[in-house]
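**Q** The structure that follows is given in the form of structure tokens.
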Amino acid sequence: MQKNIGRLSRWYYSKKESIPTKTKGNSRDYKYPWRRNCLIYHGYLIKVFEGVYKPCDDSYLLAENLEVKDDDNVLDMGTGCGIQGLIASSKARKVVSSDISKKALECSAHNAWCNRAVNIQFIESNLFNNIEGLFDLISFNPPYLPTSKKDEDFEDRQVWDGGKDGLQVI
């Protein structure tokens, strides 16, 4: 383990089975349901709730390039599962994680609690509507995928729907 990441993480690592690399169609999900939709990134145990954006290459690229300095105030806009906020919280004085989705905020708060990140505040907000204060760094991985009328049936589309050309939120 890269660092001490709490009792829950040690318990997670102590299981004999390896960490599943995929969540659907994996028989270990049924044998070990506590592993469903979990991943480990830079020593952080991250659980992704249903309907919350699961980190992909774009999330990892952003996390790898966050340049957080000691004592920074960081805004994690559109927090999703909270991966950016967790990475920033290791150095920042304070992190404000915001999202329009209550599910995403619950997921992000759960992950902060499991990883003992105590310097993160959670705010439900549509972009900057409920955000106050000044920030040294703003991290935002907006929904950017182009969509069409046929995509309107998806329940969780707000996590990836960037409008007709993918630039609606940007």
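The values are calculated or read from the model by the stated rules, or taken from the named source; none is laboratory data. Note that this is a predicted model, so its numbers are computed, not measured. No Cβ is skipped: glycine too gets one built from the backbone with ideal geometry, and neighbour counts run over all protein chains shown. Quick note on the areas: whole protein, heavy atoms, side chains included, nothing else; ligands and nucleic acids left out. Shrake-Rupley method; radii C 1.70, N 1.55, O 1.52, S 1.80 Å.
**Q** With the condition kept exactly as written, say whether any residue in the stretch 111-125 is under 16 Å from the mean Cα position of the chain (by Cα), assigned to a loop (DSSP other than H, G, I, E, B) and under 15 Å from G78 (Cβ atoms).
**A** Within the stretch 111-125, one or more residues are under 16 Å from the mean Cα position of the chain (by Cα), assigned to a loop (DSSP other than H, G, I, E, B) and under 15 Å from G78 (Cβ atoms).
**Q** Let me ask another. Would you pick out the residues in the stretch 47-65 that are at pLDDT below 90 and in a loop (DSSP other than H, G, I, E, B)?
**A** E50, G51, V52, Y53, K54, P55, C56
**Q** Sticking with this one: Looking at (1) under 13 Å from the mean Cα position of the chain (by Cα); (2) within 20 Å of V118 (Cβ to Cβ); (3) acidic (D, E), which is the one condition that is false for D58?
**A** (2)
**Q** State the number of residues belonging to the stretch 133-152 that are at pLDDT 75 or above and open to solvent by 80 Å² or more (accessible area, probe 1.4 Å).
**A** Selection size over the stretch 133-152: 3.
**Q** Now, a different point. Select, from V68, V95, the only residue that is touching a Lys or Arg at 6+ places or on another chain (Cβ under 8 Å), more than 15 Å from V48 (Cβ to Cβ) and at pLDDT 95 or above.
**A** Within the list V68, V95, the selection yields V68.
**Q** Hey, can you tell me all the residues within the stretch 38-79 that are touching a strand residue (DSSP E or B) at 6+ places or on another chain (Cβ under 9 Å), open to solvent by 60 Å² or more (accessible area, probe 1.4 Å) and not charged (D, E, K, R)?
**A** Y60
**Q** Using the structure shown, decide if N119 is open to solvent by less than 90 Å² (accessible area, probe 1.4 Å), of a type outside the set (K, R), modelled with pLDDT of 95 or more and closer than 16 Å to L66 by Cβ.
**A** Criteria met by N119.
**Q** Determine which member of the set R7, R28, R35 is at pLDDT 55 or above and more than 29 Å from L127 (Cβ to Cβ).
**A** R35 is the lone residue from the list that is at pLDDT 55 or above and more than 29 Å from L127 (Cβ to Cβ).
**Q** Kindly provide the set of residues from the stretch 102-125 that are closer than 10 Å to I46 by Cα and among the polar types (S, T, N, Q), ordered by number.
**A** Hits for the stretch 102-125 are S108, N111, N115.
**Q** Consider A104 carefully, then state whether it is open to solvent by 20 Å² or more (accessible area, probe 1.4 Å) and within 14 Å of V52 (Cα to Cα).
**A** no
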